[in-house]
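What follows draws every value from the coordinates through simple rules; no lab data is involved. None of these values were measured; they are calculated from a predicted model.
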């Protein structure tokens, strides 16, 4: 009789231990999901030379596009691809192009492409601010 009571106590303590382990595992998984879903506000912009930087009479109009891409990895751990998050066109008469986005944890890429013809000025300034 004493042996039966003792073994039932061991069974209960094993159950408690396994429940505690399961609760800890679930809490850790929830914390990881919470960390992955946190976002930051990011301001991403680009600017071309203003018209004042060119001599009078020279072509000065410039147009460009800014693209924000996020790395999207296969679930199998294979090749990664970049997925377009946002894109904007701008020109040097308007000033600059920018995006304000909430970004999650991950790897990002910014692409700036110029669409101007007639002269070879490929300089631009990129700005990235986040909090």
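Tabulated values for the structure
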{"item": "Contour minus Cα-Cα distance for residue 56 and residue 112 (0.36 nm per residue)", "result": "17.5 nm"}
{"item": "Range of Cα positions in the stretch 38-130 per principal axis (Å), largest first", "result": "57, 26, 15"}
{"item": "Added length on full extension, which subtracts the Cα-Cα distance from 0.36 nm per residue, residue 22 to residue 74", "result": "15.9 nm"}
